[in-house]
Every structure is written in C-alpha cells, then in structure tokens.
Amino acid sequence: MSKKPRQPYLTASSTFGYGIVTFDLPYLFKTPAGYNLQVRGAANYVKKGIQPLEGIVETDWLPMPFTMNWKITHPNEMIVFDVGDPICMIVPCRRHEIESFNTQWGHLSDLPEQEELTLEWQASRTHFLVEGNKNPELIAKHAWQGNYFRGRLRPNEQADIFEDHQTKLRLALFKPEWTPETR
C-alpha cells in the first residue's frame with residue numbers, strides 16, 4: 001500500500017502579541033549533528049506592512065516543527081499573503097561557526113594593496129556614473145559595470161579574475177522521503 005502524501009496546512013496566530021504574527025510551519029526539519037537552521041524572511045523579498053523576524057533553530061535535535069514570526073509595521077492596514085508567497089527562508093549554518101570569527105577593523109590606508117584596488121574601483125565607478133549622466137545611452141547599453149559579478153579584481157581587466165568566484169548557488173532539492181541518515 002503506497003503512502004498518500006498529506007497536504008500541509010499553515011496556520012497563523014498572535015502567540016506573542018505586540019503585533020507579532022506567528023506562522024506554525026507544518027514541517028519537521030532535521031539537520032546533521034552540529035548544524036542549525038537560520039530561519040528568516042526570503043532574501044530580497046519585501047512585503048508591505050509586515051517585516052520578517054529571524055532566528056537560529058537547533059534542528060539537529062529538535063523533535064518538533066518550529067514557527068516563523070513576522071512583525072506588523074503598519075497596524076490597522078490589510079496585509080495579505082497570497083498563495084505562493086514565501087513565509088520563510090531556511091539557511092543551514094554550522095553551530096558555533098560564526099562565533100569563531102575574529103573580526104577586526106582599521107583604516108584602509110593600513111592595507112596599501114587593498115586601498116589601491118578600492119580607489120581604482122571608486123574612480124572607475126565615478127567615471128561610469130558621471131559619463132552615464134552625460135550620456136544616458138551609455139547606461140542603457142551598459143546598465144552596470146559588472147566587475148563584481150564577473151569576479152574581476154580590477155575594473156575591466158579580463159586577466160585579473162578571482163578563480164573561485166561564485167555567482168549562483170546550486171542547491172539540492174528536498175527529497176520526498178526520510179532516509180536513515182536524516183532521521
């Protein structure tokens with residue numbers, strides 16, 4: 001007898017008050033030992049009148065689904081989530097990894113090579129924008145310089161490309177069934 005997939009349901013409530021809308025996610029997420037999920041709003045997605053909140057969930061041991069919370073920013077206005085609108089985005093992250101970063105700040109002039117590249121980039125960008133204001137066809141033809149997108153360390157240098165440059169993530173799809181290693 002084959003299993004018939006159950007249709008997930010999504011409910012929303014005001015669990016915390018203070019304009020917080022809580023979505024009960026109808027899924028159980030399991031990650032390998034030592035991995036959490038960062039739960040947040042969808043990247044580059046804006047919803048009028050409401051703002052997603054984010055948090056870290058330890059899904060390697062959690063035996064139940066978690067919730068996604070949004071904060072209403074415009075009370076007494078209609079907020080609609082249409083079918084297909086993203087409720088949340090999940091991003092795996094290794095537990096304690098971010099705490100292991102040792103950050104520093106300083107003056108760019110303390111790093112002469114970086115300063116040279118930055119000043120070169122600023123001059124190139126300024127020239128592009130100034131020329132674009134004088135000649136709108138230039139902007140229409142070359143909407144942007146694309147140096148970062150192409151992995152260029154220096155503006156317009158084809159030979160100076162960062163080798164491990166990544167412009168797209170190629171993520172595996174969710175598998176339809178549990179496997180022994182994911183239980």
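The values are calculated or read from the model by the stated rules, or taken from the named source; none is laboratory data. Computed from a predicted model, the values in this text were never measured in an experiment. Cβ atoms come from the backbone with ideal geometry, glycine included; neighbour counts cover every protein chain shown.
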- Item | Per-region count, the stretch 25-79, residues loosely packed, with under 15 Cβ neighbours inside 10 Å, more than 29 Å from Glu99 (Cα to Cα) and of a type in the set (D, E, K, R) | 2
- Query: Since Cys93 meets every condition but one in (1) at pLDDT below 95; (2) within 30 Å of Ile50 (Cβ to Cβ), which condition does it not meet?
  - Reply: (1)
- Go through the residues of the stretch 105-120 one by one and say whether even a single one is modelled with pLDDT of 85 or more and under 30 Å from Leu28 (Cβ atoms). no
